[in-house]
Every structure is written in structure tokens, then in C-alpha cells.
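A.B. asks: Structure provided below as C-alpha cells; questions to follow.
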Amino acid sequence: MPLIRNETIKMVKKKRLYIIFIVLAVLVPMFTYAQMKSAENNRDKFGGDWRLELQQAITDNQNSLGSDRVPEEYKKYRTVYIQQMQYYLENDINPKEPGGVTFTREFMNNAVGLFIPLLIMAIASDLVSGERTTGTIKMLLTRPVKRWKVLLSKLITLIMFVSIIVVSAYIICYVISGAVFGYKGFGMPIFTGFKVVGTDVDMSAVHAVDQWLYMLMQAGLICTSASGLHHLVWEIVDNAVDEHLAKFCSKIDITLHKDGLRIVLKDERSGNQDEYMYEGGASQFVAFLNENKDVLHDVIHFYAEKDDIEVEVAIQYNAGYTETLASFVNSIPTRGGGTHETGFRAAYTRVMNDYARRTSMIKEKDKNLEGNDLREGMMAVISVKMSEVEFVGQTKDQLGSASARSAVDSVVSENIQRFLEENPQVAQTLIRKAVQASRAREAARKARDEMRTGKKRSESSNLNGKLTPAQSKDFTRNELFIVEGDSAGGSAKQGRDSKIQAILPLKGKPLNPEKAKLADILKNEEYRAITSAIGAGIGTEFAVEDSNYSKIIIMTDADTDGAHIQVLLLTFFYRYMKPLIDAGKIYIAQPPLYKLTRKSGKMASVRYAWTDEELANYMKEFGNNVELQRYKGLGEMNPDQLWETTMNPETRALLKVEIVDAAKAERRVSTLMGDKVDPRKRWIVENVDFTEYEE
């Protein structure tokens, strides 16, 4: 039986490997010398001035950028190359000088490219050889060796040796280059990096090696001096304005990061000037949010530091029934909440229940007050500042740091307990409000149970015959149209896509949710129907994932009554089903205002106009021979027209309801839908131009 020694040992001892290293040692210096002569020829070509060579390279590349034949990706690469050449010129660096980084990298890459094919051909000869040798026995084969195993062994050895020698070649190239020409060129940056000097960054240590870094430098995202922050803000605002003008954004928000900071925004074109300043920080912010509400006490404000975490809390209750909690981490809004909110709620609920039991405001046999009841009508701001921040997910709107929860819990417990002891009248007011909220919640729960069970179960399941359900059980596609009036509801039922679209007509205007308690809301027939149709609960028990529909679409007439119904329904969703808005599931249908018909023989051309501007354009297109119809209500459309213009997912226009500014939304709803008349009247006078509606 033939014996085969270990393939690796066999190949190491082959004389051809020694020949490879000898060729390598000779080839690299020769190529180095050739590169040096090439550099000398370039210097002679441009009169010994390497700057002319770089300038010529910049000119050639700039000309290529103006060509339509050059691909966009190539233009980006050329742009970066131009910036590199300009960098060399500005800093008096000759990239082609022997011993320099650019020079060394060029001959290194070319040298390796020359000897690798020789190396592979020399070693690969074993792959086609059927050689069997004897010698030092490393492995005794008791059965014949299959050919593919021998080839695989040699292939692995080939890959290993090629990798080792390639790496060695790179090292040798650098060593020889430095030994022959010196290392003066290696002062240039070969990779992206920063040399920090005090508080500034030395830009001579920054080399834009790719488009990404260049874009960051151009956008001001790398600060190179004390004025860098101001330049960064300027770039952000400037780019935001450009995006707005290009219709990619509709609003620019400015965040105030420090108490007492004064910001002046002046439009030099119009002379308008706005000043923003909050001297009181979180405390004044809460008072601002509660400005148009009936508040129950002064703002509770405290600040403390725990385990190197700064915690600031401001609380003020109003006579309303909803909780508003705004939280921040290092001045960054955390709309998704997080551990700091969890710590706040846990500590507040615990301390309030302990105080209520000590003062006998709740009896021993009674259950503890729930957190939702204790926070009914609360307006609170939590601000946490910490060094090591951990967020949940990629959106960075939910805090995940466990240390924040314990710090907030400790600070809130200590300060709320002290406040309750020092202000017993306010404490009693808040606990009595929570007790009333608990009773109302129990009453609301019983009302919900009546809707789901017992004699009223079948009655609520079909909503007294009002709801026309969708046939599909795929809740991710189904849509609910809440329609004003039975007449429009009838047309919608006939014109709908019965597979995915459900229709719920409303009779008259529902209650104003801002002025009603939850128990009263659940007694209202219209809100009961909406709640049952959506099927995800209401108030604190609402679960958006249980919604029966992916879109809830409000479809009303294009008149003042229709607009009023829209506002009432939006207020209801905002106060009692807000997760639907946050999830982007609430929409407003956009029925057309006009129908234009032009008859030409037996043919008729029809256009629909949603605005007066569109109407004017169509009138110019059709001329005088046109029949104009003004839709005063949805009921004036036949089912086919309603489907085509307002309900067909392929052709309709929907207005998505979103909360862009949470603070403004809260104030706007409270002002326009609340009990106080003066703030509403003042807002209308300041913001509504009645001359637009004069005939």
C-alpha cells in the first residue's frame, strides 16, 4: 500500500518555494526603482513642478463631471478625488514623492499583482500531479486514498501559502520603500482619523478618503473649531429650509436645551422677530400646558441628583380627565416613554396610596387606588440627565437604562412624600379626585361589560343594525368609514368594496368629549357604536393591536356641520383612543366639492375638483360649454360617484391625522374644545381671518 507523507510538510520542502521567495526579494526592489524613474519622468513632464501635475489632474476630473456620459456613481468618486488633490495642494504635500504613502501603496499593489500569478502557478502544479512519495511517515493509510481528498488537501495548502506570502509582500514593500527612500512621506494620513489638540481638531490629520466622510465635513457634522457648533446649527436650519421649499417637510422644530436660554429668530426679509425663553424650565412648561385649564393647585416642582443622575419633575393637576406626561432624557423627547416614566409612575402610585391609608382616606378593606385613577387630570414633565444612556430600538424615543428607573423612583418618592406632608389640603384634593375617578372607572367597566355580555351582547354585536361589516377577517386590510347621516351611509354601503370596507353611519352630532366624563361617553349611542365597532376598548384599557381595522376614516359633508363632526370625533380619538392616532390609523376622507361635465355629441367628459383652484383650471380647460354641480353633501352623490371619488383606494385622497407637536396639540384641544370661553374667543380673534369668508 503506498504511503503519503503530510502534504504540508512535503510542499514546504519543495525547492520551488525557495525560488519564489528569491524572485520576490528581487522583484520588489526592481519595481521600486521603476516607480522612482516613473516619478522622475512625471516631474520632467511638468517642468519639475508636481503641483502642475495635480492641477492638471483636478482640471481633467472637473471636465469629466460635466459630461453626461459619466455615470453618477463615478462622478461621486471623482468629486472625492478632486477634494483629495486640492487637499494635497493646500497643504503642500507631494503624493507622488518616493517614500510617500500614495506612492508606496501604488507600487505595493502592482508588485503583489505581478508575483501572485507566479506563486499560484508554482504551487498549483501539485494539483494535477499523481505523485506518490515515501519518506518520513506522518500518517499510515490502511486503505487507498481517494483522489478528491488528495486534491482538497493540496488546495487548502495552496490557499494558506498564498495568503501568508501576500501579507508578507505588503510588509516587505513598506520596509524596502522606507529603507530606500526614507519615511518622510508617512507623515501623511493613510486612513481617516483626528488629531485632537486641546478642544479643537487639527484638520491636517483628516483625510477625506471616501464620499461619506466628505459629506460629513461639508455638512458641518465634524466640528473643527470653537465655532463649529454654530456652523452645525446654521447647516441644519439651512438644509431644513431647503427641504421645506422642496416640499419634503412642512415644519421646523427648535428645541430649547437650557433653562433661561434666550433664542431670537429674526426674518430680515420681513422684519418679523420672535423670542423664545423659558426661565422656569419644566415648571413653566407645565404651567404653559395648563394655561387654559382649571388647575387644582400650584405647580409641584423639585430637582435632585441620585447616583450621578439629575432628575427634574414638575406636576400640576387640572379638572380634566386625561393624563399628559412628557418625558426627556438629556433634553431629548422620549415619546415612547421608558424606564424613567416607569419609575415615576411606580413611586407616585406607591406614595399616594401610603398617604391615603395613613390618613384613612381609603379604608383597610378597600383596594389600593390604581395608578390611572391617581393620575387622572395630571399634567407632568420628567427630565433626566445622565451620562450613560441606553435606548430601546433604533428610534431612540424610549429609554432603557435601568439606573434611570431607580434614580427617578427614589427622587419622586422622597419629594412627593414631603410635599403631601407639607400640603395636606392639596393632598386631600388629589386623593378625592382619584377616588372619584376610580368610581367612574368601575361604572364605565360595568357599562362595557353590558355591551359585551348578557342581553345586550347580540344588540351591540350588530350595533342595532347600523354597522355594515366587512366580509374579510384580515384586520390589517379592513377599513371603517364613519359616515355623517343615513343618506350618505346608504350610498356608501352600496358603493363600497364589501370585502374590506365597513360602514358606520352616525345620527346627528355626538357629545363633546372634552367636557364629558368617560361614563357619559359610554352612555352616548354614537360613541358606544364606534367603540364596539373598533373593538379595542377605550381610555386606559384601549389596546391598539386589538383594533378591527387598519384605517378608521371619517367621512362627512364639506360644510360647517361636517367640519364640526370631524372635530368632535378627532377629540374623542385624541382623548380616549390616542394610540390609534399615534399608529397612523385615523384618516379624514376628502370628497370633491365640484363636478364638471362637458358634453360633446354623445360623449361626455367629467372632472372632479377638490379646491376652487382646481375648479378654475378645469373651467379654462372646458370653456363655457360646461355643466357645474356643487356638492353640498355626500348624499348628493350616487354610489358609483362616491366610490370613484372618495372610497376607491386607487383614486381617493385621504388626509392622515398626525400629532406633530404634542404640546401644541394639547393646548389646542383644551382651548377650542374646553369649558373656558375667553381663551377660545381670544384664539379665534387672533388666528381666524373672517374676511376670507365674506361674500
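A.B. asks: Tally time: how many residues in segment 581-608 are more than 35 Å from the chain's Cα centre (by Cα) and among the hydrophobic types (A, V, I, L, M, F, W, C)? So that I can check it myself, show each step before the final result.
C.D. replies: Applying the first criterion (more than 35 Å from the chain's Cα centre (by Cα)) to segment 581-608 yields 593-608.
Now drop any that are not among the hydrophobic types (A, V, I, L, M, F, W, C), which leaves 593, 596, 603-604, 606.
The total comes to 5.
A.B. asks: Moving to a separate point now. Among the numbered criteria (1) under 30 Å from Lys578 (Cα atoms); (2) exposed (fewer than 13 other Cβ atoms within 10 Å of the Cβ); (3) touching a residue at least 60 places away in the same chain (Cβ under 8 Å); (4) of a type outside the set (D, E, K, R), which one does Leu655 miss?
C.D. replies: (2)
A.B. asks: If I ask for residues that are in a loop (DSSP other than H, G, I, E, B) and among the hydroxyl-bearing types (Ser, Thr, Tyr), which ones from segment 307-358 would you list? If you could, list the steps in order and put the result at the bottom.
C.D. replies: Of segment 307-358, the ones in a loop (DSSP other than H, G, I, E, B) are 307-308, 319-323, 330-331, 334-337.
Answer for segment 307-358, where residues must be in a loop (DSSP other than H, G, I, E, B) and among the hydroxyl-bearing types (Ser, Thr, Tyr): Tyr321, Thr322, Ser331, Thr334.
A.B. asks: Now for a separate question. Provide a single number: the residues in segment 493-506 that are surrounded by 16 or more Cβ atoms within 10 Å (Cβ to Cβ) and in a helix (DSSP H, G or I). Steps first, please.
C.D. replies: Step one: filter segment 493-506 for residues surrounded by 16 or more Cβ atoms within 10 Å (Cβ to Cβ), giving 493, 495-496, 500-506.
From the residues that got through so far, the ones that are in a helix (DSSP H, G or I) too are 493, 495.
Counting residues in segment 493-506 that are surrounded by 16 or more Cβ atoms within 10 Å (Cβ to Cβ) and in a helix (DSSP H, G or I) gives 2.
A.B. asks: Further question on the same structure: Can you pull out the residues in segment 355-387 that are out of contact with any helix residue (DSSP H, G or I) (no Cβ under 8 Å at 6 or more places or on another chain) and more than 24 Å from Ala662 (Cβ to Cβ)? Talk me through it step by step, then tell me what you get.
C.D. replies: As a first pass, look at segment 355-387 and keep what is out of contact with any helix residue (DSSP H, G or I) (no Cβ under 8 Å at 6 or more places or on another chain): 357-358, 360, 363, 365-367, 378, 385, 387.
Within segment 355-387, Arg357, Arg358, Ser360, Lys363, Lys365, Asp366, Lys367, Ser387 qualify.
A.B. asks: Any residue that is basic (Lys, Arg), closer than 19 Å to Phe288 by Cβ and in a loop (DSSP other than H, G, I, E, B) - is there at least one of those in segment 672-681? Please lay out each step first, then the result.
C.D. replies: To start, the set of residues in segment 672-681 that are basic (Lys, Arg) comprises 676, 680-681.
Now drop any that are not closer than 19 Å to Phe288 by Cβ, which leaves 676, 680.
Narrowing the set further to residues that are in a loop (DSSP other than H, G, I, E, B) leaves 676.
Within segment 672-681, one or more residues are basic (Lys, Arg), closer than 19 Å to Phe288 by Cβ and in a loop (DSSP other than H, G, I, E, B).
A.B. asks: Just checking, how many residues over segment 507-535 are outside any loop (DSSP other than H, G, I, E, B) and surrounded by fewer than 18 Cβ atoms within 10 Å (Cβ to Cβ)?
C.D. replies: Applying the first criterion (outside any loop (DSSP other than H, G, I, E, B)) to segment 507-535 yields 518-523, 525-534.
Then drop every residue that is not surrounded by fewer than 18 Cβ atoms within 10 Å (Cβ to Cβ), which leaves 519-520, 523, 525.
Within segment 507-535, residues that are outside any loop (DSSP other than H, G, I, E, B) and surrounded by fewer than 18 Cβ atoms within 10 Å (Cβ to Cβ) number 4.
A.B. asks: Of the residues Ala529, Ala519, Ala583, Ala609, which is among the aliphatic types (A, V, I, L, M) and under 16 Å from Glu484 (Cα atoms)?
C.D. replies: Numbers: Ala519 fails: under 16 Å from Glu484 (Cα atoms); Ala583 fails: under 16 Å from Glu484 (Cα atoms); Ala609 fails: under 16 Å from Glu484 (Cα atoms).
It is Ala529.
A.B. asks: Now, a different point. Taking the stated definitions as given, is Glu291 modelled with pLDDT of 75 or more, part of a strand (DSSP E or B), of a type in the set (Asp, Glu) and under 30 Å from Leu430 (Cα atoms)? Walk me through it before giving the result.
C.D. replies: Numbers: modelled with pLDDT of 75 or more: yes; part of a strand (DSSP E or B): no; of a type in the set (Asp, Glu): yes; under 30 Å from Leu430 (Cα atoms): yes.
Spelling it out, it is not the case that Glu291 is modelled with pLDDT of 75 or more, part of a strand (DSSP E or B), of a type in the set (Asp, Glu) and under 30 Å from Leu430 (Cα atoms).
A.B. asks: Specify which of the listed residues (Gly320, Gly337) is on the phi > 0 side of the Ramachandran plot and touching a residue at least 24 places away in the same chain (Cβ under 8 Å).
C.D. replies: After ruling out the rest, the residue left standing is Gly337.
A.B. asks: Consider Leu569 carefully, then state whether it is aliphatic (A, V, I, L, M), over 39 Å from the mean Cα position of the chain (by Cα) and under 25 Å from Ser487 (Cβ atoms). If you could, list the steps in order and put the result at the bottom.
C.D. replies: Numbers: aliphatic (A, V, I, L, M): yes; over 39 Å from the mean Cα position of the chain (by Cα): no; under 25 Å from Ser487 (Cβ atoms): yes.
Answer is no for this residue.
A.B. asks: Another question, if that's okay. In the set Asn648, Asn617, Asn638, Asn624, which member is surrounded by fewer than 16 Cβ atoms within 10 Å (Cβ to Cβ) and modelled with pLDDT of 90 or more?
C.D. replies: Values: Asn617 fails: modelled with pLDDT of 90 or more; Asn638 fails: modelled with pLDDT of 90 or more; Asn624 fails: modelled with pLDDT of 90 or more.
When all the criteria are applied, what remains is Asn648.
A.B. asks: Quick check: anything in segment 379-387 within 25 Å of Asn290 (Cα to Cα), free of Cβ contacts under 8 Å to residues at least 60 places away in the same chain and surrounded by 17 or more Cβ atoms within 10 Å (Cβ to Cβ)? Before you say what the answer is, go through the steps one by one.
C.D. replies: Of the residues in segment 379-387, the ones within 25 Å of Asn290 (Cα to Cα) are 379-385.
Retained after the next criterion (residues that are free of Cβ contacts under 8 Å to residues at least 60 places away in the same chain): none.
Looking for residues that are within 25 Å of Asn290 (Cα to Cα), free of Cβ contacts under 8 Å to residues at least 60 places away in the same chain and surrounded by 17 or more Cβ atoms within 10 Å (Cβ to Cβ), one finds none in segment 379-387, hence no.
A.B. asks: Let me ask something else. Does Glu275 satisfy the condition of being modelled with pLDDT under 90 and in a strand (DSSP E or B)? Break it down stepwise before answering.
C.D. replies: On the way: modelled with pLDDT under 90: yes; in a strand (DSSP E or B): yes.
Yes.
A.B. asks: Do you know which residues across segment 414-431 are of a type in the set (Asp, Glu) and either within 15 Å of Asp298 (Cβ to Cβ) or loosely packed, with under 12 Cβ neighbours inside 10 Å (or both)? It would help to see each step written out before you state the result.
C.D. replies: As a first pass, look at segment 414-431 and keep what is of a type in the set (Asp, Glu): 414, 421-422.
Correct list: Glu421, Glu422.
A.B. asks: One residue is enough: does segment 491-501 have a residue meeting the conditions at pLDDT below 85 and either of a type outside the set (A, V, I, L, M, F, W, C) or farther than 26 Å from Leu672 by Cα (or both)?
C.D. replies: Of segment 491-501, the ones at pLDDT below 85 are none.
Checked segment 491-501: no residue is at pLDDT below 85 and either of a type outside the set (A, V, I, L, M, F, W, C) or farther than 26 Å from Leu672 by Cα (or both).
A.B. asks: Follow-up. Within the bounds of segment 369-382, is there any residue that is over 28 Å from Pro424 (Cα atoms) and touching a Leu at 6+ places or on another chain (Cβ under 9 Å)? Spell out how you get there, then give the answer.
C.D. replies: Quick first cut of segment 369-382, residues over 28 Å from Pro424 (Cα atoms) only: none.
There is no residue in segment 369-382 that is over 28 Å from Pro424 (Cα atoms) and touching a Leu at 6+ places or on another chain (Cβ under 9 Å).
A.B. asks: Of (1) among the small types (Gly, Ala, Ser); (2) in contact with a Lys or Arg (Cβ under 8 Å, 6 or more places away or on another chain); (3) outside any loop (DSSP other than H, G, I, E, B), Gly490 satisfies all except one. Which?
C.D. replies: In the conditions (1) among the small types (Gly, Ala, Ser); (2) in contact with a Lys or Arg (Cβ under 8 Å, 6 or more places away or on another chain); (3) outside any loop (DSSP other than H, G, I, E, B), Gly490 misses (2) alone.
A.B. asks: Between a first residue in segment 671-692 that is among the hydrophobic types (A, V, I, L, M, F, W, C) and a second residue that is at pLDDT 80 or above and not in a helix (DSSP H, G or I), which pairs have beta carbons less than 8 Å apart while being 6 or more apart in sequence or on different chains?
C.D. replies: Met673/Asn512; Met673/Pro513; Met673/Glu514; Met673/Lys515
A.B. asks: Those residues that are of a type in the set (A, V, I, L, M, F, W, C), within 14 Å of Lys306 (Cβ to Cβ) and part of a strand (DSSP E or B), I need them from segment 371-420; list them, please. Steps first, answer last, please.
C.D. replies: Taking segment 371-420 and keeping what is of a type in the set (A, V, I, L, M, F, W, C), we get 374, 378-382, 384, 386, 389, 391-392, 399, 402, 404, 407-408, 411-412, 416, 419-420.
Now narrow it down to the ones that are within 14 Å of Lys306 (Cβ to Cβ): 382, 384, 386, 402, 404, 407-408, 411-412.
Ile382, Val384 - these are the residues of segment 371-420 that are of a type in the set (A, V, I, L, M, F, W, C), within 14 Å of Lys306 (Cβ to Cβ) and part of a strand (DSSP E or B).
The values are calculated or read from the model by the stated rules, or taken from the named source; none is laboratory data. It should be emphasised that the depicted structure is a prediction, and the values quoted were computed from it without experimental measurement. As a convention, Cβ positions derive from the backbone with ideal geometry for all residues, glycine included, and neighbour counts pool all protein chains shown.
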